[in-house]
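Engineer: This is the structure I have questions about; it appears just below.
The values are calculated or read from the model by the stated rules, or taken from the named source; none is laboratory data. It should be emphasised that the depicted structure is a prediction, and the values quoted were computed from it without experimental measurement. In this analysis, Cβ positions are derived from the backbone assuming ideal geometry, glycine residues included, and neighbour counts consider all displayed protein chains.
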Amino acid sequence: MVVVVREGASPEERDAIARILASGAGGYIPTSIHTSQGEVFCLPRGAATPEIEAQLRSLSGVERVVPLATPYQLASRTFQPGKTIVHVGEARIGGEEPVVIAGPCSVESEEQILEAARAARAAGAQVLRGGAFKPRTSPYAFQGLGLRGVELLAQAGAAAGLPIVTEVMEPGYVAEVAALSDILQIGSRNMQNYPLLRAVGRSTRPVLLKRGFAATVEEWLLAAEYILAEGNPNVILCERGVRSYDPQTRNLLDLTCVPLLGELTHLPVLVDPSHATGKRELVLPMGIAAIAAGADGLIVEMHPHPDEALSDAAQTIDPATLRQLVRRSHVVHAALVADAAEHTNATELVRSVDR
Ligand code: PEP
Ligand code: MN
């Protein structure tokens, strides 16, 4: 249950809400959270009796009470019906147009990331990605350049005119990475690292939250809830495939979750067809499929010389393929929009986008 505090409520009115919550919801210590919908108190599911709910509704400091059947609350579309749009640079993630984020798996050198940034920009990507703190399965694999890598990424982004996203793995590095990066990425392996989620929740930077490779949609939304509950409203979900039994692909891309999340949450949803498939030939078709399923955009691994990439070369596309992916994403998206609006000349509209 979410209790929304009336704007301009006095400290006494706020205290009255907290007192009722503390008395009614066994052991619950009420702390208010600042959200895009105003100041709220969140209660665990089932914690408030109908009597408590009625008392809360009668208080002058209460704007509205939103009963929720789900354990995630701030992430729920019932709490916030309007979509969250995350603004970064010129990109509007969750807005009208699909956003493509592209760049190498890892920042390798100043020259490599600058060349990648320029290629990403020329291909129509709106955000540059690049890993500097790499969560590698093997301790002997290339671990990334660390903070120096984030600096090189930031320089390359600035030179190409693109905002940047990079992964942060430890709470202690959040401030330093946030000072340089426009979006903080939480990797699949860290989706349930709660101290890290809380730390990025206290940052003012948007957070790209990848789905844990064995996480249910509900666990993923609860991970997002940790970030929202710390007062950071700009969470972007990213489906990157879940573990399956078939070694033909690196993971199993769960596209079903895309329209499902559209019903459950107001948060924007991106898809990463690179880590989902592990194969560069599959990135273009599955990227387009993700847009057709309603994704707000894509994040893909692109390297100016894919075969030379120090990490994830097999799933890394070249700049020409990225350009195709961006163009086709817009074509597919425009076709769906035109059809939904019963556009009289949908073919014309699609052709105008396919530049
Ligand atoms: C990445 O995007 O660089 C990455 C490591 O992805 P994931 O966390 O999805 O494996
Ligand atoms: Mn990678």
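Engineer: Looking at LEU267, is it in a strand (DSSP E or B), of a type in the set (A, V, I, L, M, F, W, C), crowded, with 24+ Cβ neighbours inside 10 Å and in contact (Cβ under 8 Å) with a residue 24 or more places away in the chain? Walk me through how you get there before you give the answer.
Structural biologist: Numbers: in a strand (DSSP E or B): no; of a type in the set (A, V, I, L, M, F, W, C): yes; crowded, with 24+ Cβ neighbours inside 10 Å: yes; in contact (Cβ under 8 Å) with a residue 24 or more places away in the chain: yes.
So LEU267 fails the test.
Engineer: Within region 42-63, which residues are in a strand (DSSP E or B) and either under 22 Å from LEU261 (Cβ atoms) or modelled with pLDDT under 95 (or both)?
Structural biologist: If we filter region 42-63 for residues that are in a strand (DSSP E or B), which is where we start, we get 42, 62-63.
Selection gives CYS42 alone.
Engineer: Which one of these does ARG250 not meet: (1) assigned to a helix (DSSP H, G or I); (2) surrounded by fewer than 23 Cβ atoms within 10 Å (Cβ to Cβ); (3) within 15 Å of ligand 1 (Cβ to nearest atom)?
Structural biologist: If we test ARG250 against (1) assigned to a helix (DSSP H, G or I); (2) surrounded by fewer than 23 Cβ atoms within 10 Å (Cβ to Cβ); (3) within 15 Å of ligand 1 (Cβ to nearest atom), just (1) comes out false.
Engineer: Anything in region 135-159 that is outside any loop (DSSP other than H, G, I, E, B), among the small types (Gly, Ala, Ser) and over 19 Å from HIS87 (Cβ atoms)? List them, or say none. Full working, then the answer.
Structural biologist: Step one: of region 135-159, the residues outside any loop (DSSP other than H, G, I, E, B) are 147-159.
Next cut, among the small types (Gly, Ala, Ser) only: 149, 154, 156-159.
Correct list: GLY149, ALA156, ALA159.
Engineer: For region 64-84, indicate whether the set of residues that are more than 19 Å from ALA224 (Cβ to Cβ) and not in a loop (DSSP other than H, G, I, E, B) is non-empty. Quick ask: steps written out before the conclusion?
Structural biologist: Applying the first criterion (more than 19 Å from ALA224 (Cβ to Cβ)) to region 64-84 yields 64-65, 67.
Next cut, not in a loop (DSSP other than H, G, I, E, B) only: 64-65.
Yes, that holds for at least one residue.
Engineer: Going by the structure shown, is GLY124 away from ligand 2 (no atom under 16 Å from the Cβ) and closer than 27 Å to THR31 by Cβ? Talk me through it step by step, then tell me what you get.
Structural biologist: Details: away from ligand 2 (no atom under 16 Å from the Cβ): yes; closer than 27 Å to THR31 by Cβ: no.
No, not satisfied.
Engineer: Inside region 160-173, can you point out the residues that are part of a helix (DSSP H, G or I) and touching a strand residue (DSSP E or B) at 6+ places or on another chain (Cβ under 8 Å)?
Structural biologist: First, pick out the residues of region 160-173 that are part of a helix (DSSP H, G or I): 160, 171-173.
ALA160, the sole residue that qualifies.
Engineer: So, ARG240, is that one in contact with a helix residue (DSSP H, G or I) (Cβ under 6 Å, 6 or more places away or on another chain), basic (Lys, Arg) and within 13 Å of ligand 1 (Cβ to nearest atom) or not?
Structural biologist: yes
Engineer: Quick one: would you say ALA75 is in contact (Cβ under 8 Å) with a residue 40 or more places away in the chain, small (Gly, Ala, Ser) and within 16 Å of ligand 1 (Cβ to nearest atom)? Walk me through it before giving the result.
Structural biologist: Numbers: in contact (Cβ under 8 Å) with a residue 40 or more places away in the chain: yes; small (Gly, Ala, Ser): yes; within 16 Å of ligand 1 (Cβ to nearest atom): no.
It is false that ALA75 is in contact (Cβ under 8 Å) with a residue 40 or more places away in the chain, small (Gly, Ala, Ser) and within 16 Å of ligand 1 (Cβ to nearest atom).
Engineer: Also, quick follow-up: Specify the residue that is surrounded by the most Cβ atoms within 10 Å (Cβ to Cβ); the eligible residues are those in region 299-322 that are within 12 Å of ligand 2 (Cβ to nearest atom) and of a type in the set (Ser, Thr, Tyr).
Structural biologist: Residue satisfying both the conditions and the ranking: THR316.
Engineer: Here's a follow-up. So which of ARG92, ARG118, ARG148, ARG129 is at pLDDT 95 or above and touching a Cys at 6+ places or on another chain (Cβ under 9 Å)? Before the answer, list the steps.
Structural biologist: On the way: ARG92 fails: touching a Cys at 6+ places or on another chain (Cβ under 9 Å); ARG118 fails: touching a Cys at 6+ places or on another chain (Cβ under 9 Å); ARG148 fails: touching a Cys at 6+ places or on another chain (Cβ under 9 Å).
Within the list ARG92, ARG118, ARG148, ARG129, the selection yields ARG129.
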